[in-house]
């Protein structure tokens with residue numbers, strides 16, 4: 001693992017040097033020691049949003065216990081804007097759907113103890129053909145700050161029209177504008193993995209999308225979706241949960257506190273996956289340190305899906321102080337059948353999270369030799385461990401040599417925490 005990390009650091013350094021000619025690092029960005037958590041309008045509502053929808057959802061975050069569990073950002077995605085800027089060139093809210101304006105809505109959200117996010121684009125227009133921020137970065141950043149905004153999701157749909165500047169330059173300009181806005185604003189890039197942002201986005205952003213948009217399907221991609229992280233056409237929409245997980249095999253080593261690879265919003269509760277598939281979805285987003293941004297309508301979400309989002313032990317793995325993502329273990333996995341991942345946790349004595357995913361079409365038993373988990377570690381670990389099943393919420397007792405998981409259903413992931421004795 002150490003040699004792999006060194007290679008990643010060297011490659012990242014070389015790439016960063018190549019970017020210095022046109023990217024000025026944005027220092028002093030918002031602290032993002034742990035992956036952000038919250039809710040976003042887009043997955044369920046697209047541009048069909050309103051002030052009342054946002055207010056009801058914010059209240060529901062509190063009443064359901066989601067806010068207490070850590071979901072703190074209420075992110076208003078595309079569709080909040082008017083189609084024109086005001087007489088002073090500022091972005092403005094749609095006065096019909098957001099009659100009180102964004103500033104008053106932000107005050108309402110803040111009174112609930114939550115934070116508010118907003119959406120814009122690094123191009124002339126955004127994805128819905130509302131005004132983008134290209135050429136208006138300083139003005140827009142100061143406008144967001146004056147409204148009390150805490151989070152900016154910054155898209156790139158209109159970026160191809162602004163082809164006089166590279167994506168890195170355009171994203172950097174907004175990053176510096178936010179830094180100079182007078183308010184701490186979390187900066188979340190949405191550029192679908194374009195131009196391999198894991199090499200450069202951490203210089204000025206708090207999180208960055210590592211792939212095209214997720215779909216609510218567990219295993220079926222939209223036609224033409226790229227299957228790996230390193231392809232030029234990332235596939236801008238329709239990426240299944242399983243493909244997103246596969247892409248992270250190549251990228252989990254880049255995860256680090258400060259700027260997180262974003263596997264896109266959670267599809268838990270959108271009504272298309274089984275309970276086991278939703279558990280798998282959450283397990284990997286948590287263990288791989290992706291932001292946990294709910295995309296469902298939480299005012300109508302099922303009790304089963306809500307319970308998954310509220311699993312305290314899984315959330316603790318996401319928010320673990322180490323900030324180290326789990327790694328794919330090919331020697332313990334069977335392509336197309338079983339995936340085994342593992343990663344260290346900072347709390348407790350020799351703690352590790354293990355994910356065992358049955359990717360097949362039927363139930364299976366999965367045996368994991370523990371020396372395959374710990375062989376690359378330099379620490380002196382004893383031969384015995386205690387194991388806990390995170391989804392069944394039960395202790396499995398002491399394990400030695402190997403752990404066998406029986407009757408793992410198809411598309412189910414066993415999420416375990418092992419502690420050295």
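The values are calculated or read from the model by the stated rules, or taken from the named source; none is laboratory data. Bear in mind that the values here come from a model prediction, so they are computed numbers and not experimental data. Please note: Cβ atoms are built from the backbone with ideal geometry, for glycine as well, and neighbour counts cover all protein chains shown.
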Considering only residues that are in a loop (DSSP other than H, G, I, E, B), touching a strand residue (DSSP E or B) at 6+ places or on another chain (Cβ under 8 Å) and closer than 15 Å to residue 42 by Cα, which ones fall in region 256-290? 263, 264, 265, 267, 268, 269
Residue 153 fails exactly one of (1) surrounded by 24 or more Cβ atoms within 10 Å (Cβ to Cβ); (2) over 22 Å from residue 236 (Cβ atoms), namely (2)
Region 320-333, residues that are under 30 Å from residue 31 (Cβ atoms) and buried (at least 17 other Cβ atoms within 10 Å of the Cβ): 320, 323, 324, 325, 326, 327, 328
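Restricting attention to region 65-89, which residues are touching a residue at least 24 places away in the same chain (Cβ under 8 Å) and either surrounded by fewer than 14 Cβ atoms within 10 Å (Cβ to Cβ) or not assigned by TED's automatic domain parsing to the domain that holds residue 187 (or both)? Outline the logic, then answer.
Narrowing region 65-89 to residues touching a residue at least 24 places away in the same chain (Cβ under 8 Å): 65-67, 69-85, 89.
If the condition is that a residue be touching a residue at least 24 places away in the same chain (Cβ under 8 Å) and either surrounded by fewer than 14 Cβ atoms within 10 Å (Cβ to Cβ) or not assigned by TED's automatic domain parsing to the domain that holds residue 187 (or both), then 65, 83, 84, 89 are the ones that fit.
Does residue 92 satisfy being crowded, with 18+ Cβ neighbours inside 10 Å and out of contact with any helix residue (DSSP H, G or I) (no Cβ under 9 Å at 6 or more places or on another chain)? It would help to see each step written out before you state the result.
On the way: crowded, with 18+ Cβ neighbours inside 10 Å: yes; out of contact with any helix residue (DSSP H, G or I) (no Cβ under 9 Å at 6 or more places or on another chain): no.
No; evaluated as a whole, the condition is false for this residue.
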Somewhere in region 221-236, is a residue buried (at least 18 other Cβ atoms within 10 Å of the Cβ), touching a strand residue (DSSP E or B) at 6+ places or on another chain (Cβ under 6 Å) and not in a loop (DSSP other than H, G, I, E, B)? no
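Given 212, 182, 123, which one is in a loop (DSSP other than H, G, I, E, B) and surrounded by fewer than 21 Cβ atoms within 10 Å (Cβ to Cβ)?
Just a single option satisfies the conditions, and that option is 182.
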